Amino acid sequence: MATVAELKVRTGRRAELALLAIAWGITVLARGLVDYHAAFLELDELGIYAAGAAVLMLGSHLVLRRFAPHADPVLLPAVFALNGIGLAMIHRIDFGYAQYRGRDTDFGTAQIGWTIAGVVAAMVVVLLIRDHRRLRRFTYTAGIAGLILYLLPLVPGLGLEINGARIWISLFGRSLQPGEVAKIAMVVFFAGFLVTNRDTLALAGPKILGLRFPRPRDMGPLLLVWAAAILLMVYERDLGASLLFFGIFLGMLYVATQRISWVLTGLALFAVGAVAAGTIFSHVGARYNAWLNALDAEVYASGTSEQLVRGLFGMASGGLFGTGLGEGRPDLVPYAESDFIIASLGEELGLTGLMAILALYLIIVQRAFRSSIGVRDGFGKLMAAGLGFSIALQVFIVVGGVTRVIPLTGLTTPWLAYGGSSMIANWIIVGLLLRISDQARRSAQEVT
Amino acid sequence: MSELSITLLRFGFLILLWALVLAAIGVLRADLYGTRVISRGRGRENRRRADARGDKVAAPSRSATGIRTGSISTRDEAAAHLAVTAGSLKGTTIPLGSAPILIGRSPTCTLVIDDDYCSAKHCRIFPEADGWKVEDLGSTNGTFLDNQRVDDPMPFKRGDKLRLGATTVELRG
């Protein structure tokens with residue numbers, strides 16, 4: 001009798017350790033170069049930094065060895081390398097601000113704290129969620145929690161408005177962005193909802209122009225949550241996040257139903273919404289104008305495209321190989337440490353470095369989709385695909401905005417940009433992906 | 001430090017970045033997981049041989065399945081295989097040897113189908129002197145051979161479509 005058997009899988013933990021060593025080298029070398037050019041190189045301090053990085057990497061590696069032995073071996077090194085590059089760059093921008101601007105900032109140290117919190121959060125996720133299928137129980141809880149998190153910035157006394165966007169809350173004297181965590185809750189909700197209803201969504205309903213559309217009653221809860229979230233984000237003027245949210249939703253719907261009609265309706269809706277928003281809201285119209293006519297002298301003088309154009313000049317001066325870490329002037333771009341960190345990296349590492357960074361993102365997203373294909377339950381498939389889409393789209397929206405491919409919208413670059421909420425939320429995504437990939441790569445006999 | 005060593009470190013950093021990217025891709029190339037088809041009985045021996053070869057077994061191609069039915073059976077049907085043409089396992093093929101094949105939801109089956117409309121042990125495909133036969137094992141929703149319900153063993157010929165639940169299986173030569 002013939003039987004279908006599993007391929008024996010290498011756990012890949014040794015490969016992970018080797019890759020982590022390279023990631024560690026990148027982290028320490030970046031910091032050393034930055035410190036040297038700031039005339040601040042103290043080997044003691046660099047030694048402490050290097051030891052700290054080694055402890056974090058080895059610690060998470062050992063946690064995976066013990067509790068998720070089949071987890072994907074490339075995910076952790078890639079994320080650690082990105083995080084290390086980000087830390088060095090933010091530290092370097094602190095020096096730039098102090099040197100040329102007289103601004104005394106300490107983003108670098110704060111970001112180290114956030115990184116540690118993020119890594120710990122990811123490991124807690126790996127330890128607590130032994131089986132990602134358990135999250136399916138919290139489908140509707142996650143949906144409601146996500147909406148509440150999106151609502152928090154609108155609560156008077158709690159919400160903060162910074163630069164015209166009301167997406168922060170003030171807690172313990174720190175400003176937090178609840179939308180970053182809400183994104184994960186929404187992925188869990190969509191995955192749980194779609195896995196139960198995908199058959200009715202895909203098969204039942206009227207046929208219009210050769211494309212099958214779903215019945216309103218199947219679509220109801222989904223549309224409700226989606227519309228509420230989009231409206232909230234538009235109200236809070238968080239364009240980047242609404243774009244990201246819309247993209248994740250569309251991607252997951254397509255993965256769940258395999259219906260091209262969804263992509264078409266979604267894109268049509270998006271086009272209508274984008275044009276409508278441009279004519280109705282003046283601030284959206286201004287963004288379009290700053291994007292299309294960025295190099296126009298008048299637009300530049302009015303200040304709407306100044307940040308974008310300065311970022312482009314920075315990347316142009318970097319050229320193919322960059323000015324070298326610590327040798328450029330990224331401080332000339334406003335928000336060089338958060339929204340425009342890609343421009344700062346493009347300036348100092350050049351096209352070569354930027355491509356390597358994008359390749360690392362590509363690898364991370366590919367691993368998310370591979371886990372999605374490999375994992376055996378529908379919920380895990382949808383969740384891994386959703387998390388993969390969230391990283392891919394976020395990088396596309398930020399890098400596309402900074403390089404003037406699409407209009408600029410404020411979003412953080414995962415693991416690179418300064419920002420605590422985004423750092424922790426993205427590390428939680430890593431934790432979830434590690435857990436799902438552990439299930440995917442483990443052979444069926446071991447899964448009980 | 002001299003200017004030269006700093007320049008070298010600067011380019012060294014870019015090289016290290018790309019080294020990580022390429023090393024990661026290298027690890028991914030060797031990272032295969034999924035399923036492959038092997039035969040029971042003789043399969044044990046084949047499995048050991050496959051393991052000894054390390055994990056370099058590529059995608060479950062015909063040569064990697066370990067089934068060399070020719071040595072067991074000299075019948076013409078030996079070269080036949082089952083192809084899943086619709087359902088959640090669409091695209092899967094199972095080479096048919098001289099052994100019967102069980103299809104159902106139970107993990108002990110040869111072809112395990114995750115489908116609510118399938119029974120635990122849904123149907124059986126087995127060889128007889130005059131070719132392959134299919135019989136229903138008392139499934140709840142029935143097995144259909146070209147839209148005809150299967151009760152007693154029926155002949156299963158090349159190109160016949162067997163429908164159970166949302167899955168369609170075709171016999172190919």
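Of note:
- B:Thr69 vs. criteria within 11 Å of another protein chain (Cβ to nearest Cβ), surrounded by 19 or more Cβ atoms within 10 Å (Cβ to Cβ) and modelled with pLDDT of 50 or more: no
- All positions within the range A:129-143 that are exposed (fewer than 13 other Cβ atoms within 10 Å of the Cβ) and under 20 Å from the mean Cα position of the chain (by Cα): none
- Yes/no for A:Glu337 being of a type outside the set (Ser, Thr, Tyr), without any contact (Cβ under 8 Å) to a residue 24 or more places away in the chain and more than 14 Å from every other protein chain (Cβ to nearest Cβ): no
- Any hit, the range A:51-66, residues being of a type in the set (D, E, K, R) and either modelled with pLDDT under 85 or over 28 Å from the mean Cα position of the chain (by Cα) (or both): no
- Restricting the range A:88-112 to residues that are within 14 Å of chain B (Cβ to nearest Cβ) and among the hydrophobic types (A, V, I, L, M, F, W, C), the residue that is surrounded by the fewest Cβ atoms within 10 Å (Cβ to Cβ) is A:Ala88.
- Complete set of residues in the range B:8-33 that are among the basic types (Lys, Arg) and facing chain A (nearest Cβ under 7 Å): B:Arg10
- The range A:170-197 - residue that is under 20 Å from the mean Cα position of the chain (by Cα) and more than 22 Å from A:Gly247 (Cβ to Cβ) and, of those, modelled with the highest pLDDT: A:Leu176
- Residues of the range B:113-134 satisfying the condition of being open to solvent by 40 Å² or more (accessible area, probe 1.4 Å) and more than 14 Å from chain A (Cβ to nearest Cβ): B:Ala120, B:Glu128, B:Ala129, B:Asp130
- Residue within the range B:141-164 that is within 14 Å of chain A (Cβ to nearest Cβ) and open to solvent by less than 30 Å² (accessible area, probe 1.4 Å) present: no
- Index of the failed condition, A:His61 passing every other in (1) open to solvent by 10 Å² or more (accessible area, probe 1.4 Å); (2) of a type outside the set (S, T, N, Q); (3) more than 10 Å from chain B (Cβ to nearest Cβ): (1)
- Any hit, the range A:322-333, residues being under 24 Å from the mean Cα position of the chain (by Cα) and small (Gly, Ala, Ser): no
- Candidates A:Pro73, A:Pro69, filtered to the one that is within 8 Å of another protein chain (Cβ to nearest Cβ) and touching a helix residue (DSSP H, G or I) at 6+ places or on another chain (Cβ under 9 Å): A:Pro73
- Positions within the range A:18-48 being aromatic (Phe, Trp, Tyr) and either in contact with a Ser or Thr (Cβ under 8 Å, 6 or more places away or on another chain) or part of a loop (DSSP other than H, G, I, E, B) (or both), in sequence order: A:Phe40
- Members of the range B:92-112 that are within 11 Å of chain A (Cβ to nearest Cβ), within 15 Å of B:Leu137 (Cβ to Cβ), in a loop (DSSP other than H, G, I, E, B) and open to solvent by less than 30 Å² (accessible area, probe 1.4 Å): B:Cys109, B:Thr110
- Matching option when the condition is open to solvent by less than 50 Å² (accessible area, probe 1.4 Å), assigned to a loop (DSSP other than H, G, I, E, B) and at pLDDT 85 or above, among A:Leu320, A:Leu325, A:Leu345: A:Leu325
- Condition check for B:Leu89: of a type outside the set (Val, Ile, Thr) and assigned to a strand (DSSP E or B): no
Here is a yes/no grid of residues against (1) surrounded by fewer than 24 Cβ atoms within 10 Å (Cβ to Cβ); (2) without any contact (Cβ under 8 Å) to a residue 24 or more places away in the chain:
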{"position": "A:Leu362", "(1), (2)": "yes, yes"}
{"position": "A:Ala368", "(1), (2)": "no, no"}
{"position": "A:Gly374", "(1), (2)": "yes, no"}
{"position": "A:Gly386", "(1), (2)": "no, no"}
{"position": "A:Leu393", "(1), (2)": "yes, no"}
{"position": "A:Val398", "(1), (2)": "no, no"}
{"position": "A:Val402", "(1), (2)": "no, no"}
{"position": "A:Leu408", "(1), (2)": "no, no"}
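- Residues being part of a helix (DSSP H, G or I), at pLDDT below 85 and open to solvent by 50 Å² or more (accessible area, probe 1.4 Å) - total across the range A:280-296: 3
- Those residues of the range A:253-274 which are within 21 Å of A:Val195 (Cα to Cα) and open to solvent by 90 Å² or more (accessible area, probe 1.4 Å), in sequence order: A:Tyr254, A:Gln258, A:Ile260
The values are calculated or read from the model by the stated rules, or taken from the named source; none is laboratory data. The model shown is predicted, which means the values in this text are computed figures rather than measured ones. Positions of Cβ are generated from backbone atoms using ideal geometry, with glycine treated the same way; all protein chains shown enter the neighbour counts. Heavy atoms of the whole protein, side chains included, go into the accessibility calculation; ligands, DNA and RNA do not. Shrake-Rupley method; radii C 1.70, N 1.55, O 1.52, S 1.80 Å.
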